[in-house]
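Working notes, structure below.
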Amino acid sequence: MFFEESNTDFLLSYDKTFNEKWNINISGGGNQFRQRQDYTQTVAPQLINPGIYSFNNTRKPLEVNTNNQQKRINSLYGFARFAYDNLLFLDITGRNDWSSTLPTDNNSYFYPSATLSAIASDMFEMPEFVSFAKLRAAYAEVGNDTDPYKLSSFFTNETPFGDNPILTESSLIPNAVLKPEITSSYEIGADIRLFQSRLNLDATYYDGRTKNQIIPISTDISSGYTSKLINAGEVRNYGFEAILNVIPVRTENFTWNTMFNYSRNRSEVTDLGGIDYTLTERNSVFIQAREGGSISAIYGRGFQRVEDANSEYFGQKIVNSDGIPARTDDLVYQGDYAPDYTLGILNSFKYKALDLGFMFDIRQGGIVVSRTKTIGSTSGQLKETLVGRETGIVAEGVVQTSPGVYTPNTTNVDVRTYNNRYYERDNVEAAKYDASYTKLREVSMGYTLPARIIDKLPISKARLSLTGRNLVLWTDNPHFDPETVSVSGGTLQPGIENMSYPSTKTYTLNLQIDF
């Protein structure tokens, strides 16, 4: 296997100050990105003489698999900064890429950005308690191409049929008229510091949209292909982030500092060309993008429920003739793995040479689907399965006696049969949990040797500290850490838990010495 990646750059800059107040910095340059990967695999499928590992010692033809691909992006870019009296700043950038992985007519894409910031506290007269105030606004675009060999068909070597070599066409229908993806976003924010910087707030609102997404969609298998590549859709990501830093107490010997880090993000699929796109699937859990939904929405089979809003049993589970809650035939929206918000709280205390800090992480909202719940329940390993072992279980819900007519369920089912049917692998609703939690993420204690001791030693600083991480977890989830996510093929699968290990606490003793 051979892999090579190279970048060639040039850059020219100009910097000038006018009238002691205006400063202009302009730069322009270019880049050529090259990537090459050559892969060859040769297999002797059957040896004539065992133990002699030579390609000349093969009974059947050699199997040779190759994968050679190249990619190149040529770029020109420029950026400029205009500053006035260290009060007002304007930054402008522009970049144009030409990608070898896109069609000739569409391989050029330009994306600019502009950022304007102002030190309002120096430009205008502010109340005395305002120590600093900065306002900012920005707009930016980013372009993106795709991987090599997505524009036309190609063939790959497969395992020979007898002595006959086999070439197979790619299962993906290529697209010779692909366009580049473009993401545009804007943000506004402020950095405000009050009361001699003892109360500080840095807040940002952002809103971004991605259009012409390059995505593979499923096709009818009878076509001879499994998917095709298209440009489709528009996805919006928007949210709010804020950091609040407070110093409630600050004296000569004692300081108490508190920091809050808040984040709330939302996504919305505003256009997807009328298709439903599966981002990932694992253990019958589908994370799908659908128009009007989010890119973190979870779909799967769930329980059939009474849908007649006029019925007294509206919303209740429908139980089949065996006494088991019936499952839906189609995928049903189960929830969203994205949290409503996350919040970090850090407190630090310092008294002379001693310091103490502790940090909480809070996640509120979102769901996680647990394979631990499925496997543990169908095998009788979880404490919830103790219920009904002596008497059996009468499932909550109703039985449909005729169209639109329901009666409460009275069928008793032995607990083993009930749990095996209730928690079947593809019943996502039975295995989902609220992903909210609060964690005592870190506690640290430290002692710094005072100057009167340091001065007698051949060192400039010494600090001894003890730190513990992931010490306490508060959650309504009884079986696993909801922060855990599944990993498939090296890729994280948020919202899906797959027989995860228990969380690990760590303790660190550290001695830092500066000479």
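Coordinate-derived values only; no laboratory data. As the structure is a prediction and not an experimental result, all values here were calculated from the model. Neighbour counts are summed over all protein chains in view; Cβ atoms, including those assigned to glycine, are modelled from backbone coordinates with ideal geometry.
Before moving on, here are some points about what is shown:
- Orientation-averaged projected area, Cα convex hull of the range 150-238 (nm²): 10.3 nm²
- In terms of Cα atoms, the Rg and Dmax of the range 412-515 work out to 23.5, 81 Å.
- Cα-Cα P(r), the range 271-368, percent of pairs per 10 Å interval: 13, 25, 25, 17, 10, 7, 3, 0
- For the listed residue pairs Lys352/Lys505; Lys317/Lys439; Lys383/Lys432; Lys373/Lys439, the alpha carbons are over 25 angstrom apart in Lys352/Lys505; Lys317/Lys439.
- Hz values of 3J(HN,Hα) by residue in the range 285-296 - Karplus curve (6.51, -1.76, 1.60), Gly and Pro given as x: 9, 10, 9, 10, 9, 10, 4, x, x, 10, 8, 10
- Assuming charge only on the beta carbon of Lys and Arg (+1) and of Asp and Glu (-1), the dipole of the chain about its Cα centre is about 1480 debye to the nearest 20.
- Within the shell defined by Cβ-Cβ distances under 13 Å, the residues around Leu449 carry a net charge of +2, with Lys and Arg each +1 and Asp and Glu each -1.
- For the range 84-89, Karplus couplings with θ = phi - 60° (6.51, -1.76, 1.60), whole Hz, Gly/Pro x: 10, 6, 6, 10, 10, 10
- Kirkwood Rh in Å, taken over all unlike Cα pairs in the range 11-156: 21.0 Å
- Sequence-distant lysines (8 or more away, or on other chains) whose Cα lies within less than 25 Å of Lys211: Lys71, Lys150, Lys179, Lys228
- Between the alpha-carbon centres of the range 315-364 and the range 100-121 there is a gap of 37 Å.
- Gained length - Val394 relative to Glu307, 0.36 nm times residue gap less alpha-carbon distance: 29.1 nm
- Cα centroid separation, the range 72-95 to the range 283-308: 44 Å.
- In the chain, Cα pairs under 8 Å separated by at least six residues give a relative contact order of 8 percent.
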